[in-house]
Amino acid sequence: MKWSMIRSLPAIAAALAAAGALAAAPCLAAGGSGHGPLALPCEVRLAQQAKGNLAPNSSFERMSPTGGMGEPHGWSRVGEQVEWVDREAGAGEDEVRHGRRAIKVHRATAGELDEAEGVMSDFIPVIPGTYDLTCDLRLKRIDPQRRRWGARLGDMNPVGAGPIDASDKSYTFANYWSIDDFPWATVRPRTYNYPFSEGDLPEQTRYVRLFFGLKGAGTLWLDNVEFRYSKWNFTALERMQPYIGRPLSQIEALIPTPK
């Protein structure tokens with residue numbers, strides 16, 4: 001997956017490209033204060049967190065009233081090999097993870113200069129800070145775009161190779177020669193390992209767009225996109241406020257807390 005910064009717009013585009021890249025972006029200080037998201041009032045951050053999942057039509061169930069046939073509400077197709085599959089229209093049980101519909105991208109071949117194909121969300125209003133991004137994926141017979149070079153999927157080693165491109169989230173699938181079959185699973189796109197910060201949005205960011213697509217050859221299924229304001233935008237004291245000054249229930253007193 002890949003997030004890439006759009007300098008001409010106050011926005012970040014995130015692109016998930018299995019066999020190529022997953023994408024998101026990094027967090028700088030909010031408002032240039034040097035304090036990151038903590039520069040924003042706690043009430044503003046709490047209001048953003050209370051919105052829950054910010055991804056539009058996250059399970060691709062609703063049809064766009066203006067997008068014509070087969071266009072999910074809140075998303076646009078990028079490329080010709082993108083389908084909006086529907087169980088009630090003949091899609092197999094294993095083609096949808098949740099509900100009735102999902103996205104399917106099938107590319108029999110992929111040239112070295114071909115762009116990724118997939119779906120892009122409408123603009124999502126955000127405030128600066130750290131965001132959690134996950135999605136449900138299924139992959140089948142995925143091959144890299146540059147096989148003749150001996151390249152692997154998302155072939156990359158960020159350490160010592162210059163500045164890390166925080167818009168590239170391919171690390172989740174990096175360095176596999178190919179993927180024969182990857183059953184449905186929830187995936188968290190990453191740029192690199194700890195201590196590299198994940199999901200931070202640059203200062204002055206006001207909107208993001210999410211792009212999920214396939215850059216190599218093969219088949220990708222996508223469902224259940226989650227994009228949320230992270231708990232890491234709050235101090236430990238702020239996270240404890242709901243539990244201060246009142247008795248805890250027996251469940252709340254258990255450590256770790258049951259889920």
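The values are calculated or read from the model by the stated rules, or taken from the named source; none is laboratory data. Model, not experiment: these values are computed from the prediction. When we count neighbours, we look across all protein chains shown, and the Cβ atoms used for this are built from the backbone with ideal geometry, even at glycine. Note: areas computed on protein heavy atoms with side chains; ligands, DNA, RNA excluded. Shrake-Rupley method; radii C 1.70, N 1.55, O 1.52, S 1.80 Å.
Key figures for this structure:
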{"item": "Residue selected from the stretch 171-189 under the condition more than 22 Å from Arg97 (Cα to Cα) and not aromatic (Phe, Trp, Tyr), by the criterion surrounded by the most Cβ atoms within 10 Å (Cβ to Cβ)", "result": "Ala174"}
{"item": "Residue in the stretch 238-256 that is under 21 Å from Leu40 (Cβ atoms) and in a strand (DSSP E or B) present", "result": "no"}
{"item": "Given (1) open to solvent by 10 Å² or more (accessible area, probe 1.4 Å); (2) closer than 28 Å to Arg206 by Cβ; (3) modelled with pLDDT of 85 or more; (4) β-branched (Val, Ile, Thr), number of the condition Thr66 does not satisfy", "result": "(3)"}
{"item": "Any hit, the stretch 162-169, residues being modelled with pLDDT of 85 or more, among the acidic types (Asp, Glu) and in contact with a Lys or Arg (Cβ under 7 Å, 6 or more places away or on another chain)", "result": "no"}
{"item": "Criterion violated by Gln204 - all others in (1) surrounded by fewer than 17 Cβ atoms within 10 Å (Cβ to Cβ); (2) in contact with a strand residue (DSSP E or B) (Cβ under 8 Å, 6 or more places away or on another chain); (3) not small (Gly, Ala, Ser) satisfied", "result": "(2)"}
{"item": "Residues of the stretch 101-114 satisfying the condition of being modelled with pLDDT under 90 and either under 16 Å from Asp136 (Cβ atoms) or open to solvent by less than 80 Å² (accessible area, probe 1.4 Å) (or both)", "result": "Ala110, Gly111, Glu112, Asp114"}
